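For reference, the structure is listed below as structure tokens.
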Amino acid sequence: MTNAQRPLLKRLFIETHGCQMNVYDSERMRDVLAPLGYAPVGAPDDADLIILNTCHIRERATEKVYSELGRLRDLKARRAEAGVKTTVVVAGCVAQAEGEEIMRRAPVVDLVVGPQAYHKLPELIARVARATGERVAADFTPDEKFDALPAPKAEGVTAFLSVQEGCDKFCTFCVVPYTRGAEYSRPLEKVLAEARALAAQGVRELTLLGQNVNAWHGATGEGEATFADLLRALAKVEGIARLRYTTSHPVEMSDDLVALHGEEGKLMPFLHLPVQSGSSRILKAMNRKHTAEDYVAVIARLRAARPDIALSTDFIVGFPGETEKDFEATLALVREVGFASAYSFKYSRRPGTPAAAMQGQVDDEVASDRLARLHALLGEQQRAFNAAQISRTLPVLVAGKGRMPGQMHGRSPYLQSVHFDGAPDLVGRTIDVRISGSTQNSLAGALVSAERVSA
Ligand code: SAH
Ligand code: SF4
Ligand code: F3S
């Protein structure tokens, strides 16, 4: 092939912020742009197309976008001086929430595209190149988006699979129902087809994604299907050894889903189930639709079905009206449940959400102090949970090479990262590793026996 015949390679850089939905979407954007000759690069400096996939969940996340755009303005100007064009796209939840405002505040941006319009990226980018037409695309048609995007290209043995988008829960602190729109479940057949395609490319562990993933519901030839039915169907897909899902809402933990945790061995014994607060009074003000007692009861049902299930959660401290007593109820809930890991955030006032207008906004210093106390307790629990694995033998799905020569890494059933000495041909297999050491974030161990390696 001569140079003139070779398709022109353009460089694409995508920076991803926020949740796993954005990670999944960034991969879809990369896939939809590949046929146009865009190849991903690891840094923005020499990229022809830069996409910021943004998060709007807390104020700081939004601020990051504008400071990043400041840096890109300089980069774009430098490249322009050298005679090369750079296209800057803002995607994700800030794009959805602030559309036109971004174009006004940051003229460096060529295109703003919301999460439901990614399938239109090739056309939108071509229009930008010709300087005509739509510059802001932010409509809500999730079914169209999924149908129009190419089948995912797997990278490695674990993959995300988006099954549900949007949220109808309207927690009073949260922007997601506004940035991601109404709850939408992808049809069962389409999810299964995507799972089969991923398994065929070597994926062994699937994490189903959705803002309210356990609210997924669908139709089959025989009638309504629940989220548990979807998991059961996915467990039968050849090659899939492990299933996980995130993020769940406590009120959607139905009896059949809880029971499935005791019945389906492929469903991993680890669940991220956000509680937000241990005070029922605050939960009511948050419009969470459950009390602290309801949450503890859900955990008891899960543990009855699957005694070794490990739990993770999210907390917000300093929600409007939160008193020291409310906060102590949160600490008490942490002690009662015992978490393997958790995320905790200081409440961030989001314009347009009901909580932003509530009385009793908590002083920043008070909130910081509570966050530090909560962090300390959760860190202690996480270290204890990891240390409790020492001398146990855990089935580890091998994902790839570790940091040290001769080392491999994988995941335990409880989503811990595990390092051990082994050969690269173990990738994709589930092997027994005897755990000998732990830190707050990972485990170390030794391969038990190559003969006991299962497929
Ligand atoms: N759909 C998921 C995730 C929502 S966003 C769920 O319902 O749990 C992830 C986490 O961000 C939330 O669980 C919450 O703990 C946190 N969060 C959301 N809005 C926030 C806000 N305004 N301030 C601080 N934390 C927030
Ligand atoms: Fe936000 Fe609540 Fe919906 Fe989760 S359930 S996305 S916290 S509104
Ligand atoms: Fe952020 Fe949007 Fe996810 S606001 S947390 S990227 S759904």
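The values are calculated or read from the model by the stated rules, or taken from the named source; none is laboratory data. Treat the numbers as computed from the prediction; the structure is a model and nothing was measured. All Cβ positions, even for glycine, are placed from backbone atoms using ideal geometry, and neighbour counts span all protein chains on display. Just so you know, the surface numbers come from the protein's heavy atoms only, side chains and all, with ligands and any DNA or RNA stripped out. Shrake-Rupley method; radii C 1.70, N 1.55, O 1.52, S 1.80 Å.
Listed values, structure above:
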quantity	calculated
Selection within segment 158-172 - open to solvent by less than 50 Å² (accessible area, probe 1.4 Å) and not in a loop (DSSP other than H, G, I, E, B)	Thr158, Ala159, Leu161, Ser162, Gln164, Glu165
Wholly enclosed strands (runs of 3 or more DSSP E) of segment 23-141 bearing at least 2 residues at pLDDT 95 or above and within 22 Å of Leu9 (Cβ to Cβ)	49-54, 87-91
From the options Asp74, Asp25, residue that is exposed (fewer than 11 other Cβ atoms within 10 Å of the Cβ), out of contact with any Leu (no Cβ under 8 Å at 6 or more places or on another chain) and charged (D, E, K, R)	Asp74
Output for segment 188-243, where each listed residue is under 12 Å from Leu267 (Cα atoms), more than 16 Å from ligand 2 (Cβ to nearest atom) and part of a strand (DSSP E or B)	Glu205, Leu206, Thr207, Arg242, Leu243
Residue check for Ile282: under 27 Å from Ser412 (Cβ atoms), surrounded by 20 or more Cβ atoms within 10 Å (Cβ to Cβ), over 20 Å from the mean Cα position of the chain (by Cα) and not charged (D, E, K, R)	no
Qualifying residue in segment 263-270 (condition: away from ligand 2 (no atom under 13 Å from the Cβ), open to solvent by less than 10 Å² (accessible area, probe 1.4 Å), modelled with pLDDT of 95 or more and closer than 21 Å to Val334 by Cβ)	yes
Cβ-Cβ under 8 Å pairs, at least 6 apart or on other chains, segment 171-184 side closer than 21 Å to Ile316 by Cβ, far side away from ligand 3 (no atom under 13 Å from the Cβ) and in a helix (DSSP H, G or I)	Thr172/Ala285; Thr172/Pro354; Thr172/Ala355; Phe173/Ala355
Complete set of residues in segment 285-301 that are within 16 Å of ligand 1 (Cβ to nearest atom) and not in a loop (DSSP other than H, G, I, E, B)	Ala285, Ala292, Asp294, Tyr295, Val298, Ile299
